[in-house]
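First the structure, in the form of structure tokens, and then the observations on it.
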Amino acid sequence: MKKILIPALTAALLCSSAFALETSVAPKVTDIKNHSPKTGLIVGNSYSFYNCGVHSYLRGLTRENKQDWKARIITISSGRLSYHDVEQYMGPHEMDPYAKKDEKGNLINPMFDVVILQGMSTEPIAEKSIPTFKKFLNQHVATIKAKGAEPIVVDTWARQNKPEDTKKLADAIITAANENDAIVLPVGLAFAESLKQRPDLLMHQKDKSHPTAAGSYLYGAMLYGLLFQKSPEGMTYLGECEKPLKPEDAKFLQKLAWDVLTDFYGWKK
């Protein structure tokens, strides 16, 4: 008889993982369907836009590996999920380089293979904003699926002075994503693990909230690992703008990204 792993047992195994990841909720969806995506849309706020944007880090990794990939990023300062018109973003739009056409020249969907949703840092756990967060996560995930793309929900990191929020955020975001059959990218869990292993490597800016270049690099490396189901380990890319990392720091973050992804999803290395 085939054994079924019940959610409670899965959660217990997750909590007893090699990293003791700070969540008690197991992901319902543990992989995306298409590991050869060519187009992506990142919807978020300054957490995704800092340090020249997480899309730039992802682009740097894909270019080094000569992968056919391009992404658009749409961010709103302090933006909640409710601020974004994802249906409008998904198009298709005339004269848009991401637009696709059928054999008759008619615009068709999907414009993007995957859509990454990154909400405001506290909206999944702040009492007043929880209903709105859930409402618009449900709405956006449904829109993305209806357009033929795959949604990815970002687990954001806790602020530097509130490490106890790591588990609160992860539990809330994973639960909401599970209710919508959407996969979660556990960036917040990886941030916490990095701070445990390398407290000398700063992940937050002086405001204790936004990511440093190391934080954006980790975010981008995790996106790379999930989208292509490949480890970023061994790559020489060090970052964007005027903020390239030290090779030893990039090496550490590459390994951490892949270790957390495989641990969280239960993938074989």
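None of the figures in this text is laboratory data; all of them are computed from the coordinates on show. The structure displayed is predicted, hence computed values, not measured ones. Backbone-built Cβ (ideal geometry, glycine too); neighbour counts: all protein chains shown.
Observations, loosely collected:
- 3J(HN,Hα) along the range 75-89, derived from phi through the Karplus expression 6.51 cos²θ - 1.76 cosθ + 1.60 where θ = phi - 60°, amounts to 10, 10, 4, 6, x, 8, 4, 5, 7, 9, 9, 5, 4, 5, 4 Hz, with x in place of Gly and Pro.
- Computed helical MRE - 222 nm, the chain, DSSP H runs ≥ 4 contributing -39500 (n - 2.57), nearest 500: -12000 deg cm²/dmol
- Members of Lys38/Lys208; Lys147/Lys208; Lys162/Lys243; Lys33/Lys104 lying beyond 30 Å, as alpha-carbon distances in this model show: Lys38/Lys208; Lys147/Lys208
- Amide H contacts of Val115 (H built 1.01 Å from N, under 5 Å, at least 5 apart or other chain): Leu41, Glu150, Ile152
- Shown in residue order for the range 203-212 are the 3J(HN,Hα) couplings computed by the Karplus curve 6.51 cos²θ - 1.76 cosθ + 1.60 at θ = phi - 60°: 10, 10, 5, 4, 6, 6, 10, 6, x, 6 Hz (x for Gly and Pro).
- Rg over Rh [alpha-carbon atoms, Kirkwood Rh] for the chain: 0.95
- Exposed-site-free run, longest, the chain (rule: GluC sites (Glu not before Pro); DSSP loop; at most 10 other C-beta within 10 Å): 1-93
- Value of relative contact order over the chain, rounded to a whole percent, pairs C-alpha under 8 Å and six or more apart: 23
- Charge dipole magnitude, Cβ of K and R +1, D and E -1 - the range 158-215, Cα centre, debye nearest 20: 320
- Inter-probe distance in nm under a simple model that places probes 7 Å from Cα toward Cβ, at Ala126 and Lys145: 2.8
- Here the simple spin-label model places points 7 Å from the Cα toward Cβ, and for Gln205 and Arg80 these points are separated by 2.2 nm.
- Legend: distances between Cα atoms for Lys101/Lys168; Lys101/Lys128; Lys100/Lys251; Lys145/Lys268; Lys66/Lys100; pairs beyond 32 Å are Lys101/Lys168; Lys101/Lys128; Lys100/Lys251.
- Convex hull volume per residue for the range 113-211, taking Cα atoms only, in Å³: 97
- When the charge dipole of the chain is built from unit charges on Cβ atoms (+1 for Lys and Arg, -1 for Asp and Glu) and taken about the Cα centre, the candidate among Asn51, Gly188, Ser82 whose Cα reaches farthest toward its positive end is Gly188.
- Only Lys, Arg, Asp and Glu carry charge here, each on its Cβ (+1 for the first two, -1 for the last two); on that basis the range 38-265 has a dipole of about 240 debye about its Cα centre.
- Estimated vicinal HN-Hα couplings, Hz - the range 101-110 in sequence order (Karplus 6.51, -1.76, 1.60; Gly, Pro = x): 10, 7, 5, 9, x, 7, 5, 9, 9, x
- Arranged from fewest to most other beta-carbon atoms within 10 Å of their beta carbon, Leu117, Leu238, Leu223 become Leu238, Leu117, Leu223.
- Exposure proxy order (Cβ contacts within 10 Å, fewest to most) of Ile108, Ile125: Ile108, Ile125
- Built amide H within the under 5 Å cut-off of Ala71, gap 5+: Gly40
- Cα centroids of the range 219-246 and the range 133-192: 21 Å apart.
- Sites matching trypsin sites (Lys or Arg not before Pro) across the range 137-243 that sit in DSSP coil, with at most 10 neighbouring C-beta atoms within 10 Å: Lys206
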